[in-house]
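Q: Below: one structure in structure tokens.
The values are calculated or read from the model by the stated rules, or taken from the named source; none is laboratory data. The model shown is predicted, which means the values in this text are computed figures rather than measured ones. Glycine gets a Cβ as well: all are built from the backbone with ideal geometry, and neighbour counts include every protein chain shown.
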Amino acid sequence: MNPYNSPDYTFPLFNQKQKSGNSNSIFQLINPHNVKKLPVAKRTLFYLINLIIIIVVSFFLGEIICRFHAFGWEAFKFKKTNSFVSIGYSGYLQPAEDQHVWYELKPDIDGLFKMHIIRTNSRGLRDQEYSFKKPPNTYRVAVIGDSFTFGDGVNAEDTYHAILEKKLNGLSDSTKVEFINFGIAGYDLLNYLGVMEAKAMAYDPDLILVGFCGNNDDDLPEARQYNEPFTGYRYVEWSWAVQRFQIFRTVANYMTIRRRKRNELANDEQSERKKQFVRDMFGEFRRVKTEHDIPLMVFYLSMADAAPEKAKLVAGLCKENGFPFIDSSPVVDGLDDISEYWFHDSDHHPNEKMHRIYADILLKSFVEVQLPEKKIAQLGYIKLPGFK
């Protein structure tokens, strides 16, 4: 005789008699009245299991909602959408030998970053291979900057300097122009200084072009950047979660926005410290310019959400230190809907359209070509030193 069909059989967990043919037995098992009769240990286990189920189901429902909100019908193209992370959580960084450079891209990367292709050369630059020795009849520009210059959210060929390189090469028969991309997301002015001295000068550039990001290039570096090896971004131990789950990326974006708002509301003392930091770094840039006898130019990259006084501060420092200054904000501030130029609604890095505008502004300043249907005479005319 099968003991499970016996009317005297007692269910071991719930101490509930099972009656043969009772179609409502499952409801009896979860009946609150019956649960209360369980021993404390079993009742606690029952509640714990239910709590875990609720948390797991809620998490995955939240993940689905966040994915659809961020990516629409591409939500479940996991390889593509999971690349939508900050560079510090991408796994593409390694410590740099120079303390001021601090970190750099790993060499020979071939993958995805923010849903776009990322490839690096054998020296860890997001660019093609270049020899240290400059070829004859070549005008070489070292482009130094952060995520705007690196190209967050666009392919390498769609960055402003790559577009400009192509346009300038179409205008000159005698000189080849090379723009070498030294930009990396997350860099600040201290990193720029390190890259100039430890990397860019090895390529014998004719010009250093600094892409000054109006949003955050006045941020103070982390204290550990001065004397500790790079071990990863803060909270990098959560990289595995950020790389795989949109719900964690949403939280990370929210925290970033909150941090930026706190920076905007920084007290006067911190604001003065930031200004002094920028002054000090521009003084160091002038030292590099003088020691290496090389022109240095500053391009102010605006996305219409930076404080307008930053552009004035940078313009004044450029004049003080003898750097040509190109300001994109007069054009960018005149755009009707800046959101059309974001890479993504939750990531306000410039998209391909904005990079083309940046390239046209630089082209106008370099070779006196007007932007189509736009008059930007206030930018002035700056000729590339040595370019014919």
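Q: Please determine whether any residue of segment 61-77 is of a type in the set (A, V, I, L, M, F, W, C), closer than 19 Å to V154 by Cβ and either surrounded by fewer than 12 Cβ atoms within 10 Å (Cβ to Cβ) or more than 16 Å from the chain's Cα centre (by Cα) (or both).
A: Yes, that holds for at least one residue.
Q: Just a yes or no: is a residue in segment 261-271 modelled with pLDDT under 95, under 20 Å from D146 (Cβ atoms) and assigned to a loop (DSSP other than H, G, I, E, B)?
A: Checking segment 261-271: at least one residue is modelled with pLDDT under 95, under 20 Å from D146 (Cβ atoms) and assigned to a loop (DSSP other than H, G, I, E, B).
Q: Okay, next question. Of everything in segment 297-343, what is charged (D, E, K, R) and more than 25 Å from D158 (Cβ to Cβ)? Give them in sequence order.
A: We begin by selecting, within segment 297-343, every residue charged (D, E, K, R); these are 305, 309-310, 312, 319-320, 327, 333, 336-337, 340.
Residues satisfying the conditions are E309, K310, K312, K319, E320.
Q: Of all residues being part of a strand (DSSP E or B) and over 27 Å from the mean Cα position of the chain (by Cα) in segment 129-164, which is surrounded by the most Cβ atoms within 10 Å (Cβ to Cβ)? Just the residue, please.
A: Here is the first cut: in segment 129-164, the residues part of a strand (DSSP E or B) are 138-145.
Add one more test, that the residue is over 27 Å from the mean Cα position of the chain (by Cα), and what stays is 138-139.
Details: T138: 12, Y139: 21.
So the residue we want is Y139.
Q: Here is a check on your reading of the model: is K167 modelled with pLDDT of 95 or more and not in a strand (DSSP E or B)?
A: Working: modelled with pLDDT of 95 or more: no; not in a strand (DSSP E or B): yes.
So K167 does not fit the description; no.
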